[in-house]
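Below: one structure, written as structure tokens.
The values are calculated or read from the model by the stated rules, or taken from the named source; none is laboratory data. Being a predicted model, the structure only gives us computed values, none of them experimental. Cβ coordinates were reconstructed from backbone atoms using ideal geometry, including for glycine residues, and neighbour counts include every protein chain displayed. These area figures cover heavy atoms from the full protein model, side chains too; ligands, DNA and RNA do not enter into them. Shrake-Rupley method; radii C 1.70, N 1.55, O 1.52, S 1.80 Å.
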Amino acid sequence: MISVEGLKVEFGIKPLFSEASFVINPRDRIALVGKNGAGKSTLLKILCGQQKPTAGTVAVPQDTTIGYLPQVMKLQDDTTVREETQKAFANVTAVAERVERMEREMNERTDYESEDYMQLVERYTTEHERYLMMGASHREAELERTLTGLGFERTDFERPTSEFSGGWRMRIELAKILLQKPDVLLLDEPTNHLDIESIQWLEQFLAQSASAVVLVSHDRAFINNVSNRTLEISCGKIVDYRVKYDEYVTLRRERHEQQLRAYENQQREIADMKTFIERFRYQATKAVQVQQKVKQLEKIVPIEVDEVDNSAMHLKFPPCLRSGDYPIICDEVRKAYHHLVFDHVNLTIKRGEKVAFVGKNGEGKSTLVKCIMGEIPFDGQLKIGHNIQIGYFAQNQAQLLDESLTVFQTIDNVAKGDIRLRINDILGAFMFGGENSDKKVKVLSGGERSRLAMIKLLLEPVNLLILDEPTNHLDMPSKDVLKEAVRAFDGTAIIVSHDREFLDGLVTKVYEFGGGKVREHLGGIYDFLQSKKISELNELTGRDTNATQEKPATTAAATPATRKTNYAEHKEQQKRIARAEKAVKTSEQKIEQMEARLKELDDLLMIPENAADMTLVTEYTTTKRALDEEVERWEQLSEELENITN
């Protein structure tokens with residue numbers, strides 16, 4: 001599908017990679033991995049034609065389409081969510097217009113027996129079949145399924161895109177790319193702006209998609225669930241592992257060990273040659289042997305070893321004061337802006353617990369964190385325990401760094417004791433190794449500043465750690481370092497994250513935000529996800545559908561009035577289900593009738609003397625269009641019935 005041969009990219013003296021050759025085949029699910037700065041994003045830009053390599057070729061067949069989602073893009077703000085997403089169907093719209101134009105011409109002309117007319121019918125048939133193959137008749141249903149899968153509510157569809165944050169607008173761009181159904185999907189960090197439910201939906205979408213996929217992601221669970229092949233950029237080379245990510249990790253470790261052994265053997269060989277040369281350099285009887293050793297030494301190609309795996313490095317938070325038994329107690333906490341964010345929040349976090357805040361974006365996770373921090377007002381009572389020292393990480397923490405300092409100075413100012421001897425190792429673990437440690441903070445990118453703020457937090461003595469999306473700008477080794485540090489942390493931790501792999505084995509309690517409520521789930525993140533799957537919930541809506549496995553943050557005794565209301569609601573629900581089922585059945589009957597008529601028309605048009613009968617052709621076209629519309633309506637009605645039933 002895409003053939004890469006002898007690819008080389010260089011910006012400075014040393015190339016990012018060279019002599020790279022590989023082929024992207026249909027149905028490939030390729031995880032593109034490597035340390036930050038290795039050239040992953042650059043390779044994606046070359047594959048989609050946005051950037052030219054220094055040398056080598058990228059051969060893409062003429063009819064192959066490519067969809068590319070970069071980490072950052074320019075976004076339009078002059079349309080609604082639906083209108084912007086519909087731009088994905090520009091090609092379909094063009095085909096539809098051609099079909100309608102030819103259909104009008106066929107109805108207006110009367111030269112049915114002419115060769116020109118028969119050619120028009122043939123062109124119309126070809127274009128109409130192409131139109132149907134593009135799934136055009138179902139495009140609105142697909143648009144709505146994709147947007148809801150990526151976290152949008154139906155009420156969002158007619159809102160202007162300017163009302164949404166950059167992260168939500170990136171979701172719109174992702175929806176457009178997925179709806180275009182390109183032959184090859186190139187996705188650069190697609191999960192950075194998605195929550196857990198949207199990531200799971202994207203996993204399922206990619207698994208069912210006919211497109212080949214090349215993706216860059218630091219979400220280990222995501223790339224492992226999606227990938228069936230791994231391309232690694234390491235030491236200026238691209239190594240092809242034809243296995244999914246988890247298996248690649250094992251193979252890479254074995255390869256790294258082999259490289260180390262070969263490197264050590266080569267170093268011993270070089271040392272022996274140098275010793276021989278130095279020892280016999282001035283002995284005439286050994287001159288020939290010395291010259292041979294010198295020539296052999298010059299011909300040796302140094303064995304390169306893959307970058308050191310920094311995940312083996314260990315960090316630990318410095319000792320801190322012992323806090324009270326209950327660092328956080330919420331009692332009937334409520335927060336509303338122009339709309340309700342959450343209400344009746346009752347939760348207690350004990351000393352030493354590590355808990356996760358999860359839910360769709362906009363459901364109030366970060367808002368409750370800001371309430372805990374005292375940054376915004378709220379209703380109800382929120383008690384901070386005795387002797388609490390809070391360490392808070394959020395994206396805006398990166399903006400509070402002193403821009404006049406270097407990376408090294410920033411960390412040196414907070415490091416105490418023996419840890420100061422390991423500052424360079426710590427910086428290397430978070431991708432600030434070598435000359436990067438001498439960079440001024442003012443020249444760092446947003447992601448680099450976030451990583452630096454995270455290192456700074458790791459070295460401060462705190463007993464309540466609050467991390468709001470801490471892994472968005474960390475690569476996998478850096479995340480491992482952070483995860484181990486938080487796991488070994490003696491204090492209490494609240495982690496707002498959509499990264500399942502990071503939360504796995506780290507938290508023992510999950511608070512689910514949704515529908516204005518906060519619910520408590522005992523157990524780890526995969527226990528929580530499994531409970532939602534058992535409850536047949538595809539997204540977190542804040543409904544208490546599994547009372548045996550989740551404990552709402554607020555409960556109330558059922559009163560007679562409540563029971564009466566519940567009974568009335570139940571009756572109304574049954575009426576809604578009956579109406580929806582009747583609408584679905586009526587639609588199915590219409591579809592059966594139209595399909596039967598189409599079969600009859602097909603049989604009639606197969607008879608030679610009927611081939612040019614415009615009455616039959618027009619009826620066939622009209623019936624086919626009506627059938628397509630009814631199928632789309634049936635899908636919507638079925639989806640509504642499913643939503644009501646659930």
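Side notes on the structure shown:
- Residue that is surrounded by the fewest Cβ atoms within 10 Å (Cβ to Cβ), among those in region 158-175 that are out of contact with any His (no Cβ under 9 Å at 6 or more places or on another chain) and of a type in the set (S, T, N, Q): Ser162
- Ala561 vs. criteria over 30 Å from Lys360 (Cα atoms), at pLDDT below 50 and surrounded by fewer than 14 Cβ atoms within 10 Å (Cβ to Cβ): yes
- Only a single criterion out of (1) in a helix (DSSP H, G or I); (2) open to solvent by 10 Å² or more (accessible area, probe 1.4 Å); (3) modelled with pLDDT of 85 or more is not satisfied by Asp490, namely (1).
- Matching residues in region 260-276 - criterion: being closer than 15 Å to Lys299 by Cα and either open to solvent by less than 80 Å² (accessible area, probe 1.4 Å) or in contact with a strand residue (DSSP E or B) (Cβ under 9 Å, 6 or more places away or on another chain) (or both): Gln266, Gln267, Ile270, Ala271, Met273
- In region 198-223, the residues that are at pLDDT 85 or above form Cβ pairs under 7 Å with partners that are open to solvent by 20 Å² or more (accessible area, probe 1.4 Å) and polar (S, T, N, Q), at six or more places apart or across chains, as follows: Glu203/Asn225; Ala212/Asn25; Val216/Ser41.
- Strands (runs of 3 or more DSSP E) enclosed by region 1-108 - at least 1 residues per element that are without any contact (Cβ under 8 Å) to a residue 24 or more places away in the chain and surrounded by fewer than 21 Cβ atoms within 10 Å (Cβ to Cβ): 15-24
- Test: residue in region 598-611 that is within 22 Å of Ala583 (Cβ to Cβ) and among the β-branched types (Val, Ile, Thr): no
- Unique residue being at positive phi, outside any strand (DSSP E or B), open to solvent by 40 Å² or more (accessible area, probe 1.4 Å) and of a type outside the set (D, E, K, R) when the list is Gly362, Gly352: Gly362
- Residues that are more than 24 Å from Pro61 (Cα to Cα), open to solvent by less than 10 Å² (accessible area, probe 1.4 Å) and touching a helix residue (DSSP H, G or I) at 6+ places or on another chain (Cβ under 9 Å) do not occur anywhere in region 176-188.
- Region 109-130, subset among the acidic types (Asp, Glu) and without any contact (Cβ under 8 Å) to a residue 40 or more places away in the chain, residue nearest to Tyr620 (Cα to Cα): Glu129
- Options Thr125, Thr155, Thr148: the member that is β-branched (Val, Ile, Thr), open to solvent by less than 40 Å² (accessible area, probe 1.4 Å) and at pLDDT 85 or above: Thr148
- Count of residues meeting criterion [open to solvent by 50 Å² or more (accessible area, probe 1.4 Å) and either in contact (Cβ under 8 Å) with a residue 24 or more places away in the chain or in contact with an Asp or Glu (Cβ under 6 Å, 6 or more places away or on another chain) (or both)] in region 570-602: 6
- Residues of region 603-646 that are hydroxyl-bearing (Ser, Thr, Tyr), within 27 Å of Glu115 (Cα to Cα) and in contact (Cβ under 8 Å) with a residue 24 or more places away in the chain: Thr618, Thr621, Thr623.
- One residue stands out in region 611-637 among those that are in a helix (DSSP H, G or I), open to solvent by 30 Å² or more (accessible area, probe 1.4 Å) and not charged (D, E, K, R): the one that is nearest to Leu120 (Cα to Cα), namely Thr618.
- Region 304-328 residues that are over 26 Å from Lys14 (Cα atoms) and at pLDDT 80 or above, paired with ones that are of a type in the set (A, V, I, L, M, F, W, C) and open to solvent by less than 50 Å² (accessible area, probe 1.4 Å) (beta carbon under 6 Å, 6 or more apart): Ser323/Ile388; Pro327/Ile349; Pro327/Ile388; Pro327/Leu464; Ile328/Ile349
- Counting only residues that are touching a residue at least 40 places away in the same chain (Cβ under 8 Å) and more than 18 Å from Arg27 (Cβ to Cβ), region 224-247 holds 7 of them.
- Pair list, Cβ under 8 Å, 6 or more apart: region 402-413 residue within 18 Å of Asp425 (Cβ to Cβ), other residue surrounded by 12 or more Cβ atoms within 10 Å (Cβ to Cβ) and of a type in the set (Ser, Thr, Tyr): Thr406/Ser437; Val407/Ser437; Phe408/Ser437
- Neighbours by Cβ (under 7 Å, 6+ apart or cross-chain): first from region 255-279, in contact (Cβ under 8 Å) with a residue 24 or more places away in the chain; second in a helix (DSSP H, G or I) and open to solvent by less than 90 Å² (accessible area, probe 1.4 Å): Ile270/Leu297; Met273/Lys293; Met273/Gln296; Met273/Leu297
- Selected residue [among the β-branched types (Val, Ile, Thr) and modelled with pLDDT under 90] from Val369, Val414: Val414
- Given (1) in a helix (DSSP H, G or I); (2) over 30 Å from Thr230 (Cα atoms); (3) in contact (Cβ under 8 Å) with a residue 40 or more places away in the chain; (4) not hydrophobic (A, V, I, L, M, F, W, C), index of the condition Gln289 fails: (3)
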